[in-house]
Amino acid sequence: MSIGDALDRWPVFRQLREGDPLGLGRAARSERSRVLKPRNDEADHVVQSVCPYCAVGCGQLVYVKGGEVTHIEGDPASPISRGRLCPKGQASKSYVQSPLREYKVKYRRPHATAWEELELDEAMEMIAQRVVDTRAANWQAETEKGDPANRTLAIGNLGGATLDNEENYLIKKLCFALGIVQVENQARI
C-alpha cells in the first residue's frame, strides 16, 4: 500500500481534501460503508401485510426473494402504525422461518396420553365432520313453544383478538348459516 492510498483511507485527510471539515459528507464514508446496501435492496417483490401478534393491526411490508421472506418492516402507508412496529412485530419473520415452527397439527385423541401428528388436510376434515355430526345430532327445528328455531346450541364460536371486524363478520355469517347462534368475538380493530 502506497502512502497516497494510506492517506486516502485516513478520514481526517479526506475531510481536508474534500472540503468537509466536520466529516458529515463523503469524507466520513469508509470503503465498507460505501459498499453497504439495505438488506431489502435485493428483494424480488414486497407484500403489504398486517402484523399477526395483537389486535392493533400494524401495517407491515414483507420483502420476499426467491419465495422466502428476507425482511419485515413497518408500512409507512398504514394509518394505524405509520411505519412503526413493536419488537414482536419486527420479529414476526420467525413465524415463517423459525426452526421451532410446527408444520403438522398436534392432536391428542380422547383418553390418550400422547400427542400425534396429523396432516392439516386430515385435521380440517376431522373438524368439518365433527361440526356436521354435532349439528345433525343436536338440531332444534322449533322451540318448546312450537316457534321455528332452526338452530343448534351444541356448538359455539369465540373469535380471537388477532381477527379483525371483517373476518369476524364473515365467521359470524358462516356460523349463522350453520344454525350456530352462540357466536362472540373480541375483535378490537
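The values are calculated or read from the model by the stated rules, or taken from the named source; none is laboratory data. Values in this document were obtained by computation on a predicted structure and should not be read as measured data. As a convention, Cβ positions derive from the backbone with ideal geometry for all residues, glycine included, and neighbour counts pool all protein chains shown.
Filter region 22-56 down to residues that are of a type outside the set (A, V, I, L, M, F, W, C) and in contact (Cβ under 8 Å) with a residue 40 or more places away in the chain and give me whichever is farthest from Asn165 (Cα to Cα).
So the first thing to find is which residues in region 22-56 are of a type outside the set (A, V, I, L, M, F, W, C), and the list is 23, 25-26, 29-34, 37-42, 44-45, 48-49, 52-53.
Subset that is in contact (Cβ under 8 Å) with a residue 40 or more places away in the chain: 52-53.
Numbers: Pro52: 14, Tyr53: 16 Å.
Applying the filter and picking the extreme gives Tyr53.
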Qualifying residue in region 86-100 (condition: more than 30 Å from Glu122 (Cα to Cα), assigned to a loop (DSSP other than H, G, I, E, B) and outside the structural domain of Asp121 (by TED's automatic domain parsing)): yes
Candidate set: region 57-84, residues that are in a loop (DSSP other than H, G, I, E, B) and under 12 Å from the mean Cα position of the chain (by Cα); chosen: the one farthest from Asn165 (Cα to Cα): Cys58
Residue within region 61-74 that is exposed (fewer than 12 other Cβ atoms within 10 Å of the Cβ) and more than 20 Å from Glu42 (Cβ to Cβ) present: no
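Matching residues to (1) part of a strand (DSSP E or B); (2) loosely packed, with under 13 Cβ neighbours inside 10 Å; (3) assigned by TED's automatic domain parsing to the domain that holds Thr70:
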{"position": "Ala112", "(1), (2), (3)": "no, yes, no"}
{"position": "Gln129", "(1), (2), (3)": "no, yes, no"}
{"position": "Asp133", "(1), (2), (3)": "no, yes, no"}
{"position": "Asn150", "(1), (2), (3)": "yes, yes, no"}
{"position": "Ala154", "(1), (2), (3)": "yes, no, no"}
{"position": "Thr162", "(1), (2), (3)": "no, no, no"}
{"position": "Glu166", "(1), (2), (3)": "no, yes, no"}
{"position": "Leu170", "(1), (2), (3)": "no, yes, no"}
{"position": "Val181", "(1), (2), (3)": "yes, no, no"}
Some residue of region 113-120 being touching a residue at least 12 places away in the same chain (Cβ under 8 Å) and within 30 Å of Asn165 (Cβ to Cβ): yes
Residue match in region 68-82 (condition: among the basic types (Lys, Arg) and outside the structural domain of Tyr53 (by TED's automatic domain parsing)): no
Residues (under 14 Å from Phe176 (Cβ atoms) and not aliphatic (A, V, I, L, M)) located in region 135-151: Arg135, Asn150, Arg151
Residue within region 92-101 that is surrounded by fewer than 18 Cβ atoms within 10 Å (Cβ to Cβ), more than 30 Å from Trp115 (Cβ to Cβ), polar (S, T, N, Q) and within 13 Å of the chain's Cα centre (by Cα) present: no
